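Trainee: The structure is given below, and queries will be raised subsequently.
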Amino acid sequence: MDVALASKEPTRPAVDREAYPYRMKDLCERTGLPRQVVHFYIQQGLVPEGHKTGRNMAYYGEEHLARILLVRKLQHERFLPLRAIKALLEERDEAFSPAQRRFVHEVKARLSRALGARADKPTTADANELIQKLGLARKDLEDMVHLGLIAAAEEHDASGRARLVVASDDTWILETFAEFRRIGFTETIGFSARDIVMYEEAMSALFAREAKLLADRLSSLSPEQAATMVERALPVINAFLVRYHDALARNFLATL
């Protein structure tokens with residue numbers, strides 16, 4: 001076989017430039033984001049890959065531009081962690097039919113007050129002051145942001161001074177991790193923020209199945225009825241999860 005021929009890339013189908021008019025530099029110009037951030041969103045599965053015409057060339061459409069702007073808004077205006085954003089987008093894109101999404105949206109409107117829904121403009125807390133108060137290292141905070149467990153952004157005060165802030169709704173995550181540190185789960189013996197990811201992954205997968213189940217089975221009811229049932233069921237489910245986790249620990253110890 002001709003080595004030169006074998007090394008050639010496979011022929012890629014032509015791209016409809018009307019449907020996919022943007023190159024990476026165009027996305028960067030229209031979103032105001034650096035190339036590295038856009039690539040990171042794509043690598044994390046937050047934004048679909050472009051239509052490639054070569055190893056280092058791809059074209060993007062309006063849906064890519066809209067998704068990048070949405071992720072940025074959720075991350076920096078709503079302060080949603082990247083893991084939460086990815087789960088929400090996957091759920092929106094794949095888990096629910098249009099009719100189910102409309103139903104869930106109506107139920108959400110009735111549950112927002114009961115659940116203390118996240119505000120469009122969440123209040124924030126100074127990140128450096130918070131970790132100092134909790135006795136956490138700056139690396140703990142940086143790891144949680146990098147892992148997508150919490151969101152952080154820069155805010156500027158009236159004098160123009162920048163400070164790093166996190167959403168007040170997410171401070172409990174740092175407080176919980178600080179408790180682990182005080183108990184003795186320190187970095188010295190190998191514990192880090194990465195260890196929280198297994199809980200986030202398990203709970204996110206459980207919640208995705210739970211949400212789909214409820215949307216399937218409650219959609220025959222009125223949104224008011226469904227919202228009331230969900231509101232009453234949540235404390236019962238939460239209590240079950242806590243007690244079942246304890247039962248699993250007891251059962252495990254009983255086998256040793």
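The values are calculated or read from the model by the stated rules, or taken from the named source; none is laboratory data. Model, not experiment: these values are computed from the prediction. Here the Cβ is made from the backbone with ideal geometry for all residues, glycine too, and neighbour counts use every protein chain on show. SASA here: full protein model, heavy atoms, side chains in, ligands and nucleic acids out. Shrake-Rupley method; radii C 1.70, N 1.55, O 1.52, S 1.80 Å.
Trainee: With the full set of protein chains in place, find how many percent of the accessible area of the chain is carbon and sulfur; take the probe as 1.4 Å. Show your work: numbers first, answer last.
Mentor: Values: 9520 of 17160 Å².
For the chain, the apolar C and S fraction of the accessible surface comes to 55 percent.
Trainee: Figure the gain on full extension for residue 142 and residue 212 (residue separation times 0.36 nm, minus the Cα-Cα span) and round it to one decimal in nm.
Mentor: On the way: separation 70, 0.36 × 70 = 25.20 nm, distance 3.30 nm.
That pair, residue 142 and residue 212, stretches by 21.9 nm at full extension.
Trainee: Report for the chain the percent antiparallel among DSSP-assigned beta bridges with both residues inside it, nearest 5.
Mentor: For the chain, the DSSP antiparallel bridge percentage is about 100.
Trainee: Using all alpha carbons of region 19-96, what is the percent of pairwise distances in each 5 Å bin, ordered from the shortest bin to the longest?
Mentor: Binned Cα distances yield the sequence 3, 15, 27, 26, 16, 10, 3, 0.
Trainee: Of 166, 242, 71, which has the largest mean-square fluctuation in a 10 Å C-alpha GNM of the chain?
Mentor: Looking only at 166, 242, 71, the largest GNM fluctuation is found for 242.
Trainee: Another one. I want to check the label-to-label distance for residue 70 and residue 233. Put each point 7 Å from Cα in the C-beta direction and report it in nm to one decimal.
Mentor: 2.6 nm
Trainee: If each DSSP helix of 4+ residues adds -39,500 (n - 2.57) and the sum is divided by the residues in the chain, what number results at 222 nm, nearest 500 deg cm²/dmol?
Mentor: -18500 deg cm²/dmol
Trainee: At 7 Å along the Cα-to-beta-carbon direction for both residue 192 and residue 105, put a label point, then send me their distance in nm to one decimal.
Mentor: A separation of 4.1 nm, rounded to one decimal place.
Trainee: Calculate how large, on average over all directions, the projected area of the Cα convex hull of the chain is; give the answer in nm² to one decimal.
Mentor: It is 22.3 nm².
Trainee: Considering the options 245, 221, 109, tell which one lies farthest towards the positive end of the dipole of the chain, charges being +1 on Lys and Arg and -1 on Asp and Glu at the Cβ, about the Cα centre.
Mentor: 221
Trainee: Could you calculate the FRET efficiency of residue 40 with residue 201 from 1/(1 + (r/R0)^6), where r is the beta carbon distance between them and R0 is 22 Å, rounded to 0.05?
Mentor: 0.70
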